[in-house]
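Here, each number is a calculation from the coordinates, and none is a lab measurement. Computed from a predicted structure; not experimentally measured. For neighbour counting, all protein chains shown are included, and Cβ atoms are generated from backbone atoms with ideal geometry for every residue, glycine included.
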Amino acid sequence: MTHNLLGPDPTELPERTAAQAALDAGTDPAEVAAEHPDFSEAWAALAEKAFESGETVAAYAYARTGYHRGLDQLRRAGWKGFGPVPWAHRPNQGFLRALAVLGKSAQRIGETEEYERCRKFITDSDPAAAEATGLA
């Protein structure tokens, strides 16, 4: 990812080693979310699973939770509402994945404005994230 020298620095969320290790070990994302309710990646995993199963409203709810938890953390990390959120930094991926499922599920239920807002947000955060999540 190229960095605009005139723009804000990329925001990178802190590592969440215990929560990440639990997901990587195959622990049910619902258990990880219950143990670490502010861990966006667990919410993103729940959202993706629900979306793939055709449970659009559940996917939307899980994704919105992961998205808002991630926004809170981004702000604590110094993000001012704009600027790069690099996909290559794994702790950012939970937030970005939740944002993508929020957009996809919004589109599926006819929330066109929400879909477009999510698509623009993820592309503005990092085009690689839009590509990786299928929200390009």
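Take the Cα radius of gyration of the range 7-136 and divide it by 2.2 N^0.38 Å, with N its residue count; two decimals is plenty.
Relative to the 2.2 N^0.38 Å estimate, the range 7-136 comes out at 0.97.
If you keep only loop residues by DSSP, which trypsin sites (Lys or Arg not before Pro) in the range 78-113 have at most 14 other Cβ atoms within 10 Å of their Cβ?
Those that pass, being in a loop and sparsely packed, are K80.
Under a GNM of the chain (C-alpha, springs under 10 Å), which listed residue has the highest mean-square fluctuation: A106, A47, A88?
Highest fluctuation among the options: A88.
Starting from 0.36 nm per residue, how many nanometres of slack lie between A30 and A58 once their C-alpha separation is accounted for?
Extending this stretch completely gives an extra 8.8 nm.
Using the basic label-point model (7 angstrom from Cα toward the beta carbon), what is the R76 to R108 distance in nanometres?
3.0
Using only alpha-carbon positions, what ratio does the radius of gyration of the range 67-136 give when scaled by 2.2 N^0.38 Å?
Relative to the rule-of-thumb radius for its length, the range 67-136 sits at 1.02.
Sticking with the crude label model, points 7 Å out along Cα→Cβ, report the distance from A18 to A128 in nm, one decimal please.
Roughly 3.0 nm, to one decimal.
Rounded to the nearest 500 deg cm²/dmol, what is the calculated helix-only ellipticity per residue at 222 nm for the chain, with -39500 (n - 2.57) per DSSP H run of length n ≥ 4?
My calculation for the chain gives -20500 deg cm²/dmol from helical runs alone.
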